1. When segment 9-41 is examined, which residues are found to be open to solvent by 50 Å² or more (accessible area, probe 1.4 Å), at pLDDT 95 or above and not in a strand (DSSP E or B)?
2. Only one of Tyr197, Tyr242, Tyr229 is open to solvent by 50 Å² or more (accessible area, probe 1.4 Å) and of a type in the set (Phe, Trp, Tyr); which?
3. For segment 200-226, enumerate the residues that are among the aliphatic types (A, V, I, L, M) and open to solvent by less than 20 Å² (accessible area, probe 1.4 Å).
4. Considering every residue within segment 88-109, establish whether at least one is within 26 Å of Ile149 (Cα to Cα), free of Cβ contacts under 8 Å to residues at least 24 places away in the same chain and either open to solvent by 30 Å² or more (accessible area, probe 1.4 Å) or part of a strand (DSSP E or B) (or both).
5. Which one of these does Ser155 not meet: (1) at pLDDT below 95; (2) among the hydroxyl-bearing types (Ser, Thr, Tyr); (3) buried (at least 21 other Cβ atoms within 10 Å of the Cβ)?
6. Quick one: is Tyr249 at pLDDT below 95, open to solvent by 10 Å² or more (accessible area, probe 1.4 Å) and touching a Lys or Arg at 6+ places or on another chain (Cβ under 7 Å)?
7. Could you count how many residues in segment 65-87 are more than 16 Å from Leu187 (Cα to Cα) and free of Cβ contacts under 8 Å to residues at least 60 places away in the same chain?
8. Taking segment 28-52 on its own, how many of its residues are of a type outside the set (D, E, K, R) and on the phi > 0 side of the Ramachandran plot?
Amino acid sequence: LGYLSDRWFEQVRHACAEARRLGLEIWIYDEQDCPSGTVGRQLWKDPAYQQQTLSFARMTAGEAAADPSLVRAFPVGGLARPAPAASLPPGTEVLAFSAATLQSVDYLKREVCEAFMDRTHRRYAAALGEYFGSTITTVYTDDLNHLAIDIKPGSHPEIYTGALEAEFRREHGYSLLDNLAALVEALPGAYRIRIDYRKTLVRLFCANFVAPMSAWCRRHGVVLTGHLYGDEGPMAFEAVKYGDPMPFYEAEDIP
């Protein structure tokens, strides 16, 4: 039928009318497929909405300096501090972090949530608003998470977004980018840096993506429920995918 096509809304309207006649409830599933937020896998085609990551690998300083997407390079002999790759001898081994994108959306950006709701929630309200709060009672969001790809421990890229450095520095008082090596190497103080990093990701995810959906649902007389991708565990998978489930559940009406 196509993502929220006219024919789709005709059929859902018929279902709502029948549900009202029979005294049944309708729940809206907010996506064509999971994870929610991609608008039937259309939204990430716009570079402004694509999920951003930091990939990392060991290479020579010469290779790192030639990478236009390089964010930070850390000499392997002194991982605690970054150094300009071009200032190092070309053969120096470095741990390099580079910007990359994935085929998903940036769940840390408010603009992505607004674009998702423009193309989904608000279209439902425009087409079927007369049923909201009575026949249509609930919106179900599915498999939300920070990182779209399936992961193996130690092999995944690190999640990023354009505002992350400024938000992290404001929240914790130091630079995330200058401490990226601690996210993937066992450095002194790495535990605290990783916790701070995950805390900021969770806060941005809930504030910029989950909370706006929750507020919209309440304004329109429906409740929000759903689940996170991998919320059945294991814990290491959960930590990478969405950090902490509880702030997400707090934003829902039916956790």
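1. Matches in segment 9-41: Glu10, Gln11, Arg13, His14, Glu18, Arg20, Arg21, Leu22, Gly23, Leu24, Glu25.
2. Tyr229
3. Answer for segment 200-226, where residues must be among the aliphatic types (A, V, I, L, M) and open to solvent by less than 20 Å² (accessible area, probe 1.4 Å): Leu201, Val202, Leu204, Val210, Met213, Val222, Leu224.
4. no
5. Answer for Ser155: the failing condition is (3).
6. Considered against the rule, which asks whether it is at pLDDT below 95, open to solvent by 10 Å² or more (accessible area, probe 1.4 Å) and touching a Lys or Arg at 6+ places or on another chain (Cβ under 7 Å), Tyr249 comes out as no.
7. Total meeting the criteria: 11.
8. 3
The values are calculated or read from the model by the stated rules, or taken from the named source; none is laboratory data. No experiment lies behind these values; they were computed from the predicted model shown. Ideal geometry is used to build each Cβ from the backbone, glycine not excepted, and the neighbour counts take in all protein chains shown. SASA here: full protein model, heavy atoms, side chains in, ligands and nucleic acids out. Shrake-Rupley method; radii C 1.70, N 1.55, O 1.52, S 1.80 Å.
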